[in-house]
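Colleague: This is the structure I have questions about; it appears just below.
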Amino acid sequence: MKTVIKKEEYNITIKNSKFIGIVIPIERKDDIKKILQDLKKEYKNATHYCYAFKLINDKGFTDDGEPNKTAGLPILTVIEKEQLVNVLVVVIRYFGGIKLGPGGLIRAYTKTCQEVINKATKTDLIEGYLISITFPYHLEKEINYLLKNTIIKEKIYKENCTYILETTEDIINILNSKVIINYKVRKIIPKAF
């Protein structure tokens, strides 16, 4: 299983219609609603916001007004062919006045999805942990160095530094003597690169 590291975008024009493909890493189905709201604000007045998502234990798609199974299903098919999980691919269409027909739509959505996935940086998913650590400010530089290949989800600065991050057992063992581990939850995480 693989996932994408960060959001990526690809644009193409097919018979005057502009297609914008966006791939975004997600962890929960609940992430999709907010992402779509943000994309609809960023790409106003688009004709369609078609998407597909694949999580480890869930998947789905929508054609958003395009003919049945001409947009969302082709997007999902590409995601599954590429063996990606924890991703959302949205293809935004600005209609250009020329109808593409079902075959043309399937080809357009498939191509846009494939190209944006090709452009994205991918990594394997591995067994790991979501942890929260707390440490004094004077150790921040050293901790940041130890975590240079780790995904830090959040940094909180109060009386001490608190990081929420995804990491592996070996990094946790290194951190153990330097930080307080507030919690540790087993989960599938992107492999450090």
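Colleague: With a 1.4 Å probe and every protein chain kept in, tell me what percent of the accessible surface of region 18-138 is carbon plus sulfur.
Modeller: In region 18-138, the share of accessible area belonging to carbon and sulfur is 50 percent.
Colleague: Now for a separate question. Please arrange Leu36, Leu73 by accessible surface area, largest first, computed with a 1.4 Å probe and ligands excluded.
Modeller: So the residues, ranked largest to smallest area, are Leu73, Leu36.
Colleague: Compute the acute angle (0 to 90°) between the alpha-carbon long axis of helix 101-119 and the principal axis of greatest extent of the alpha-carbon atoms of the chain; round to the nearest 10°.
Modeller: Its long axis makes an angle of about 30 degrees.
Colleague: Here is a further query. Could you tell me how many cubic angstrom of Cα convex hull volume the chain has per residue?
Modeller: 122 Å³
Colleague: Express the accessible area of the chain per residue in Å², computed with a 1.4 Å probe while the remaining protein chains stay in the model.
Modeller: Accessible surface, normalised per residue, equals 54 Å².
Colleague: Using per-residue counts of other Cβ atoms within 10 Å, averaged over each peptide, order 2-9, 102-109 from highest down.
Modeller: 102-109, 2-9
The values are calculated or read from the model by the stated rules, or taken from the named source; none is laboratory data. All figures in this text were calculated on a predicted structure; none of them were measured in a lab. We place every Cβ from the backbone using ideal geometry, glycine too, and count neighbours over all the protein chains shown. These area figures cover heavy atoms from the full protein model, side chains too; ligands, DNA and RNA do not enter into them. Shrake-Rupley method; radii C 1.70, N 1.55, O 1.52, S 1.80 Å.
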